[in-house]
Every structure is written in C-alpha cells, then in structure tokens.
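Read the structure below first, then the notes.
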C-alpha cells in the first residue's frame, strides 16, 4: 500500500470514529458512558470513595443506571476513622434540557452498645435512601446550585461487583415507554461521590473543590446514551436523500434515490410502503422489502409518474414509511422519521403543437395584438406623410 493510500485510509477511519465515540447504543460495564481512572482519590484505603465507572441500560419501561466503585464501603466503622459521615453517590445526566441525578445516601448508625463518644462502633445501615433528583447548574459551569428530590426509586447494591444500581421510570425523566421515547438521548453524563453533610444537596456544590471523587463533569461529560425503546435491540433505521423534490411532465416518470442506513444493533428485515396518496399517480418502490445488515445501507428507488392529463404545476407530496420486523415476536417497529418526497408535474412539452402552425400563429397574434395594432398605425401614418410629400 502506498503512503498516500495509507493516509487516506487513516483519515477515513478517524473521520468515521468521530461519529461513533459520542453516543453509546447500550451501555455496560465493558463500555461505560462514564469512565474514571482508579486510584485518583489519593487514598488507597478509601476505595469506597473511588469511582470506577458508570453506565446506562434500559427495559421497555425503565432506565437502569449503574455505578461501580473501586471497593465496598466498610460494614463497620469507628468514630476514630472519621468515616461515619453519610456517603452521597450520584450519577448525573440530562434529558432534553432537564438535568437529573440518580442518588443514594449510605449512612452508619450506632451499633448495640455503641455511642457517639470517641471509640463508638457504627454499623453500615441496611436501608439506603435511593432517590431521583432534578439538578440546577450555574449557567455554563459545573457548579450545582441545587438538587431537588422528585421521587423515590428502586435501587440495589450488588456487593459482589461493588455496583450501585438504580431503576428509574422512563416517564419520570421525560421518556415515553416502549418505542415512544426511541431516539432520545441521555447527555451530559458524569458521576460524583460527596460527603452528604458537608455538601448538602440543597446548597452549592462544585465537584472540583468539594467532591470526594468525580468522573467527568457537566461541561466535560462522558458519552451519551441513546434510548432504544426496549433495551438490548436498537431498531435504528434512517432514511436520507440528497434531493427530495423533482420536476417531471405528465405521463413521464420521476425517480428518487433514497438511502436507507442500518445504524442499529442487529440485522433487520425492513418493509417499505407509501402513505395514502392520489391513486391517479403511479408510485413504485424498489425494493418493497429487504434485509439490511448491521452497519450497512441500501438504495431504495422510488418512481413517481403523474397522469398525462395532469394540471400544470400540480404537486404530489408523497410520504414513504418503513416497518422493521422485531427480532423476537411478530410485531414491527416504524422507521422514524419517515421521508417526504415532492413531485412537481408540468404540462408535457409539444402539447400545444398538436394543431399545427396555424393555431400557433393565431395565438401569437392574440398575445401581441396591442403591439401589432401600434405598428400598423405607425405604418399608416408614414404612408400618409409619404403621399403628401409626393404630391407636392
């Protein structure tokens, strides 16, 4: 391979990667939206304050938020360790302009025989406070001005993997259930661990100065998460076209070339069909149905022929839709959005010549009657003047 070809290939790969790094289709521990380096808290004995990563997943009704720590919180603490303050673990994200945080507060309580005096023994409470909060930032900054609880959520601590897991109702964060929210994105993703007493949620918080640890920030976020509708399968088929309006003549076919791209997670079988239209027009789709492999695209040719007697300037607005067959089950998922094509029909050329040259001549006289009359008048006057001069 020549150096020139190698450079072209390298630039192409870099260009392509710029479209894939920003949004994750389905997060997991191996491909998290928020990723932090371990050991950045400066204290290896406090791994429960050290964020590893955070990621998102979903079901048809819920968004699942996960946060992995370097190590578990101690089950027993002494006041001497100065670690009995409540831990506030939060994963932040935004949905269509509203900022949220999945939060859990972990507290210690005095054990039997313990006391608040020096040397008292405290146990990690079994009941943790899992919340969903709405977050307000100082404009264009990482500074949190307030966090307002807007509802409780179900949560679980997976101790074997040291993972905190929240289950949020989609409707609580402005995402419709099933495929109603498909295509929406969770953006501005980041995570932090706070001392819940030193930096209460109803006061100003700055991760750079006050968080025990943080991964990414509001102004330097992690990757986006795209809502798939039901989780696991992203039915992401996209229509596109360079020119969505074509002129043609009555009885003459117009052709549209539509690109259909599969940006989803699987190979899909897709059907194409036009929405209801004037049946005097002939509409043909090729193909009507096809299989598109993951990451591939196909060409859909749409041919539109207006009737021969179409009125000059008539426009047919044609909407092409698609249905994606579900991977499991017999249902279909609509391609969103559909694509709209415009065909402008003109009077066929030569139609006015059907009567021969004489009708054209008469029509020309009619259209230029004023000019012809003026010319005749000028000529008549010139003849009169000439006759007068000759007689003299």
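Residues of the stretch 95-128 that are modelled with pLDDT of 60 or more and farther than 18 Å from residue 66 by Cβ: 96, 97, 98, 99, 107, 108, 109, 124, 125, 126, 127.
Just checking, does the stretch 140-159 include any residue being surrounded by fewer than 17 Cβ atoms within 10 Å (Cβ to Cβ), free of Cβ contacts under 8 Å to residues at least 24 places away in the same chain and not in a strand (DSSP E or B)? Checked against the condition, which is being surrounded by fewer than 17 Cβ atoms within 10 Å (Cβ to Cβ), free of Cβ contacts under 8 Å to residues at least 24 places away in the same chain and not in a strand (DSSP E or B), the stretch 140-159 yields no hits at all. Selection over the stretch 274-287 of residues that are loosely packed, with under 13 Cβ neighbours inside 10 Å and under 14 Å from residue 335 (Cα atoms) gives a count of 1.
Just so you know, in the stretch 292-305 the residues that are at pLDDT 95 or above and surrounded by 13 or more Cβ atoms within 10 Å (Cβ to Cβ) include one that is farthest from the chain's Cα centre (by Cα), and it is 305.
Using the structure shown, decide if residue 187 is in contact (Cβ under 8 Å) with a residue 40 or more places away in the chain and assigned to a strand (DSSP E or B). It is true that residue 187 is in contact (Cβ under 8 Å) with a residue 40 or more places away in the chain and assigned to a strand (DSSP E or B). Do we have any residue at all in the stretch 49-70 that's modelled with pLDDT under 70 and surrounded by 14 or more Cβ atoms within 10 Å (Cβ to Cβ)? No, because not a single residue in the stretch 49-70 is modelled with pLDDT under 70 and surrounded by 14 or more Cβ atoms within 10 Å (Cβ to Cβ).
The values are calculated or read from the model by the stated rules, or taken from the named source; none is laboratory data. Quick caveat: nothing in here was measured; it's all calculated off a predicted structure. Glycine also receives a Cβ, built like all others from the backbone with ideal geometry; neighbour counts cover every protein chain displayed.
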